1. Between residue 125 and residue 72, what is the FRET efficiency for a Förster distance of 22 Å, r being their Cβ-Cβ separation, to the nearest 0.05?
2. Measure nothing fancy, just the Cα-based angle from helix 108-122's long axis to the longest principal axis of the chain, in degrees from 0 to 90, nearest 10.
3. Given the rule -39500 (n - 2.57) for each run of at least 4 DSSP H residues, summed and divided by the residues of the chain, what is its mean residue ellipticity at 222 nm, to the nearest 500 deg cm²/dmol?
4. How far is helix 57-66 tilted off the main Cα axis of the chain, in degrees rounded to 10, range 0 to 90?
5. Please state the relative contact order of segment 71-225 as a whole percent: Cα pairs under 8 Å, 6+ residues apart?
6. At a 10 Å Cβ-Cβ cut-off, how would you order 104, 155, fewest neighbours first?
7. What number, in nm² with one decimal, is the all-direction average of the projected area of the convex hull of the alpha-carbon atoms of segment 2-122?
8. Taking the chain as a Gaussian network, Cα atoms linked when under 10 Å apart, which of 243, 49, 39 shows the biggest mean-square fluctuation?
């Protein structure tokens, strides 16, 4: 069986040469070693202009030890007993932003032990995210239609909200400026193409445009979140009490950010 793990956290200043040198020892303790007839691969990229394929694992370790600012590496090492009663293959890739570890062995218990060994010796882990609420899980695409007023009062909070969403990996689209008429077809099409509708309600005034958009989005089965500034006249009893609503103080759209993340984690966003 081949088991693969990807890691995004490791100790600052991790000495890859020192830790990778533990692999032959792990194999030797189980009476396995490298045999020259078996395929091995050791490849390192030093920078955007230079890379190397080394002839042996020891040569590879020396290369990354002498060039600690290398950009990436990719190794594949096969260990086995003399008569092939037991064998294991390590594939380890470092890409700057992640470490990928794939271990293949006919003895699955050995593969599990090897993964645990590497994880503990290298100090590897991953960010911890809250679990999706299975009762609310929707596994939505990371696409948002942002409904808002197009005026000076809404421009700055909308810009901050848009930047927050973009930095978290969402695609954010907006419609046209307000029209005192039904929603234009091109705006409907934009709404149709997104998975989430976020309405930003700013100021004590008429919000009929946002009500119409959110009602249309609701009819299309979209996930709707309304960010409502305190003191506005947006009443959930009138406009839909089952919308997810986040209250903010005037001029403080950032107060919605934590609750937005909690909502996204709760319903599940694909890829994020």
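Here, each number is a calculation from the coordinates, and none is a lab measurement. Fair warning: this is a prediction, and the values are worked out from it, not measured in the lab. Here the Cβ is made from the backbone with ideal geometry for all residues, glycine too, and neighbour counts use every protein chain on show.
1. Working: r = 20 Å, r/R0 = 0.92.
Efficiency computed from Cβ-Cβ geometry: 0.65.
2. 80 degrees
3. Values: 9 runs with 88 residues, N = 272.
Estimated from H runs of four or more residues: -9500 deg cm²/dmol.
4. 60 degrees
5. Numbers: 188 pairs, mean separation 26.0, N = 155.
Value for segment 71-225: 17 percent.
6. On the way: 104 17, 155 13.
Least crowded to most crowded, the residues run 155, 104.
7. On the way: hull surface 28.8 nm².
Taking the Cα atoms of segment 2-122, their convex hull projects to 7.2 nm² on average.
8. Comparing 243, 49, 39 in a Gaussian network model of the chain, the most mobile one is 49.
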